[in-house]
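Beneath this line is the structure, given in structure tokens, with notes to follow.
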Amino acid sequence: MSPALEARQLCLDLDERYWSAARPRLLDCVDFAIPEGAVVGLVGRNGAGKSTLMRCLLGLTTPSAGESRLLGEPSLALPDAVRERLGYAAQTPDLFPRLTGLEHLDEMAAVYPGVNLRDAAALAARLDLSLGQRASSLSLGDQQKLAVVLALAHDPDLLLLDEPVASLDPISRRDFMRALFALRHKPTPRTVLVSSHLLSDLERVVSHVMFLREGRLQLFIEWDEAVEHLRCLPCPQPPAALQAGQVHWSPAGGGRLLVDARAWPQAGTAAVLGMEDLLEVLNT
Amino acid sequence: MPSPQALFDIQPQLSTPIYRQVVEQVQRLVAGGQLGPGDELPSVRAVAERHAINPMTVSKAYSLLEAEGLLERRRGMGMVVAARAQPASADEDRLALLAPALETAARQAAQLGIAADAALAAFARVLHKTPKEE
């Protein structure tokens, strides 16, 4: 079975005007294959390249080198049959200010087959979103909710969400996490790529986590595996080269080496790392 | 049948992966006799919905328990406790299931410099405060 989402040596160079030796590329040889049904949390600091990666995957930005495929088709030449199976909500919701939520859904139903208005309305109700108001009069949080309802309305097989919950309160965020799996009428599970800084939300729902730093993919791992096996060992000096089972060396906190405890049993008794702990180690 | 809320206590912040939390809770409930052969488990969808977690995580837990022989898939009913799943008769077996939690507590007590007597007394107080599950 081909991956639902894959990138092969995906690179994006910075515009010459902004080029700097410290960060020559926005994306640097990003390589991964996401299996069907995975729910992947895309995690990294501001400016790590999360939104850029999503835009490249969707074919909205043309990479300088490398390629990516969605549902088996190249991002830059997606057939309509694949487009219809995609859902995307951008960080800044793309809405028509003068249209109400319901009118947005009608517009969508005219273009996409498979838009189920009743399901979409039920989801909106669950997220406590009024569909009768014009987008321009909605709060930022409600605009995000509408963008998510629109991204889900046609029961997409592949869903990409860029910081979808940043402006939502904790209760709405919980409902949103439930919504990721809602409105599913097809037998195959939906594949999701979602970026967020709210890592405790991601910990609930992701099957995999992808850490991005300065345009490079640092680590792509099943979340259960990360919790069970990734540990930090004290290590004042950086190793000359990372050996098998060594993931990253960080100078912070007197020097720490992130390892897989299956290869480094002496790390077995070290504390379990949450997603925030991992993000910190990987970014120092 | 216990309601899904009563059946699982899921805490994503805990150092144990969510699927493991479900597996261990079912093991304990069967070992303790609160779940008996033929008892139906809440559906994957219900557990996922209740806790706002990934349904695949719940499926993974149920599949592991099925492979272990503790649960079986019954047509039209979902997962039920397997006919041959028996409560752990010997106290030793039940205690074995408690061991991981005790080891964690012991390690933390040592790190905090709490003397064994004081730790045991604290555990006794917690035991008496926890209501016995129906």
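Quick notes on this structure:
- Members of the range A:22-58 that are part of a loop (DSSP other than H, G, I, E, B), out of contact with any Phe, Trp or Tyr (no Cβ under 8 Å at 6 or more places or on another chain) and hydrophobic (A, V, I, L, M, F, W, C): A:Ala22, A:Ala38, A:Ala48
- Total residues in the range A:187-220, condition of a type in the set (Lys, Arg) and either under 14 Å from A:Phe32 (Cβ atoms) or more than 12 Å from chain B (Cβ to nearest Cβ) (or both): 2
- Residues satisfying the stated conditions in the range A:176-195, i.e. charged (D, E, K, R) and over 18 Å from the mean Cα position of the chain (by Cα): A:Arg184, A:Lys186
- Among (1) touching a residue at least 40 places away in the same chain (Cβ under 8 Å); (2) touching a Phe, Trp or Tyr at 6+ places or on another chain (Cβ under 7 Å); (3) away from chain A (no Cβ under 14 Å); (4) not charged (D, E, K, R), the one test that B:Leu35 misses: (2)
- Any hit, the range A:168-186, residues being modelled with pLDDT of 90 or more and buried (at least 19 other Cβ atoms within 10 Å of the Cβ): no
- Tally, over the range A:113-171, of residues that are more than 16 Å from A:Ala182 (Cα to Cα) and among the β-branched types (Val, Ile, Thr): 2
- Tally, over the range A:223-252, of residues that are without any contact (Cβ under 8 Å) to a residue 24 or more places away in the chain and either surrounded by fewer than 17 Cβ atoms within 10 Å (Cβ to Cβ) or part of a loop (DSSP other than H, G, I, E, B) (or both): 13
- Residue list for the range A:59-99, restricted to those being assigned to a strand (DSSP E or B), of a type in the set (A, V, I, L, M, F, W, C) and within 20 Å of the chain's Cα centre (by Cα): A:Leu70, A:Leu86, A:Ala89
- Scope the range A:211-222; condition closer than 30 Å to A:Leu14 by Cα and either part of a strand (DSSP E or B) or without any contact (Cβ under 8 Å) to a residue 12 or more places away in the chain (or both); matching residues: A:Phe211, A:Leu212, A:Arg213, A:Arg216, A:Leu217, A:Gln218, A:Leu219, A:Phe220, A:Ile221
- In the range B:44-87, the residue that is surrounded by the most Cβ atoms within 10 Å (Cβ to Cβ) out of those that are more than 9 Å from chain A (Cβ to nearest Cβ) and of a type in the set (S, T, N, Q) is B:Ser59.
The values are calculated or read from the model by the stated rules, or taken from the named source; none is laboratory data. For clarity, every value in this text was computed on a predicted model and none was experimentally measured. Don't worry about glycine lacking a Cβ; one is built from the backbone with ideal geometry, like all the others, and counts go over all protein chains shown.
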